[in-house]
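Coordinate-derived values only; no laboratory data. This is a predicted model, so every value here is computed, not measured. Methodologically, a virtual Cβ is constructed for each residue, glycine included, from the backbone with ideal geometry; neighbour enumeration extends over all protein chains shown.
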Amino acid sequence: MHGEYSAALTISNCKINLMLTGNKIFDVCFISINEINKDARTLNMARTLVKNAYSVCIIAFGNQVDSDYLSKENIILFPVEKKNYKKALRRIRDFYRGSKKYFDIATAKYYIAEDLYSLRVAVKLKKLFGGKLIYDSREIYSALGPLSDKPFRQRILTAYEKHYIKKVDKFIVTGSMDEEYLRSHFKTDKPFTIIMNLPPYRDVVKSNLLREKYSIGNDKNIIIYQGELLPGRGIIPVIKSLQYFNEAVLCIFGQGSFREEIINESIKNNVIDRVFLCGSVPYDELHKWTSSADAGLSFIEPVSFSYQLALPNKLFEYCMARIPSLVSDLPAMNKIIEEYQIGIAISSESTPEQIANALKILCDDSNKETFIKNCDSASHTLNFETQEEKILSLVGD
């Protein structure tokens, strides 16, 4: 095993006593400011490394249950208590403070900052203990959708990122368009690796969870959205389209600041009885819920440069659940739709009636079998396991 260790782990009130033997250094330490049980990307990369005998720890928002769950997979979680944060800056500050108690035991050969907001912790660990730093730029943080109308905040965030990336040794991005832009933006010749937001391969799951939980009749088609509830994610245009597709309901999985707007828009369009806010579920449980829908939404609006390049994990998770997707015809998503025929891409400027018509095509019985077959075929290519060699190469030198 790389970086051999044995661990006796006791957690009480988020205090951890960890006793390491051997070289006392993990191969890889992931740092993520997300809730670990909902952080698909971090979990998938960590599991890939553990499967290949690397020792792995994670600093992230979590609790005792998460720690016990991951310890069964030989992943050590250093949990940071999550509070209800109204302001992002306070969340970042408290995450750093909560991480500090692990600085002397989360030593590693590689630190992977899983987003911009985790970068400060990773830089600090590198400064204290050496090792190499990898920055996973999941989005174009210098052009975020939620900050498209907040230029001052966006400038602060951009300056923050440029300050900390000076210490980065390698970069991870989710697609080739992101790499092209960030190489120029960061003015760097350091190595980039593309790790797409793909789910692990899963077999077909026959699930009826959504109909059973929300008493949805068989006469209704279930459209699912999963992800953060934020402006620009196409939720509002689809809610408006429901008035032209009476045989459809919308199930929304996720949390975020946009919840009240979603409720208000549903009331305004007289479809509140067909919009279900389902909250969020752990990532490992999401597949069976997704599999109980008829079609998925990844209808990103190009409100920012980051969104224009979007290639979100939800598109591939819908495919893995063998349901087709409705996406906006942004370059990266449109390319996937055209290559694999796993859904329909339409203009983000489409009217509610046009959106409804596209959803009807996806849900029509005469088209379902073809879409299901295409999704099944694509799932054998668009899965996380196909990226294993690239992930291992990141920490192999």
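When every Cα-Cα distance of segment 186-296 is counted in 5 angstrom steps from zero, the calculated P(r) takes the values 2, 10, 20, 20, 17, 11, 7, 4, 3, 2, 1, 0 percent. Here V121, V238 are placed in order of increasing Cβ neighbour count within 10 Å, fewest first, which gives V238, V121. Comparing P331, P237, P199 in a Gaussian network model of the chain where C-alpha atoms under 10 Å apart are linked, the largest mean-square fluctuation is found at P331.
Relative contact order for the chain: 13 percent, from Cα pairs under 8 Å spaced at least 6 residues apart, divided by residue count.
Among 184-190, 126-132, sorting by the average number of other beta carbon atoms lying within 10 angstrom of each residue, highest first, gives 126-132, 184-190. Model label sites at K187 and N367, defined 7 Å from Cα along the beta-carbon direction, differ in position by 4.8 nm. Rg and Dmax of the chain, based on Cα coordinates, read 21.3, 64 Å.
When only alpha carbons are used to place a centre, segment 102-138 and segment 353-379 end up 43 Å from one another. Here is the P(r) of segment 209-379: all C-alpha pair distances, binned every 5 Å from 0, give 1, 9, 19, 24, 24, 16, 6, 1, 0 in whole percents.
By the count of neighbouring beta-carbon atoms within 10 Å, fewest first, D178, D219, D94 end up ordered D219, D94, D178. Per-residue ellipticity at 222 nm computed for the chain from its helices equals -11500 deg cm²/dmol, with DSSP H segments shorter than 4 residues left out and the rest contributing -39,500 (n - 2.57). Taking label points 7 Å from Cα along the Cα-to-Cβ direction, K206 and D397 give a separation of 5.1 nm.
What residue among F103, F26, F78 shows peak mean-square fluctuation when the chain is described by a Gaussian network model with Cα springs under 10 Å? Its mean-square fluctuation being the largest, the pick is F103.
Pairs of Cα atoms in segment 239-304 fall into 10 Å distance bins, from 0 up to the last occupied one, in shares of 17, 49, 32, 2 percent. Here's the list of aspartates and glutamates a cross-link from K268 could span, going by alpha-carbon distance under 15 Å and ignoring same-chain residues fewer than 8 apart: E260.
A dipole drawn for segment 209-379 from +1 and -1 charges on Cβ atoms has a positive end, and of N334, Q354, I263 the residue lying farthest that way is I263. A Gaussian network model of the chain, with springs between Cα atoms under 10 Å, assigns the largest mean-square fluctuation among K170, K72, K82 to K72.
Counting beta carbons within 10 Å around each of K220, K390 and listing the fewest first gives the order K390, K220. Counting only DSSP beta bridges whose two residues both lie in the chain, roughly 10 percent are antiparallel. Pairs from the table (K38/K124; K213/K288; K206/K368) lying more than 21 angstrom apart at Cα are K38/K124.
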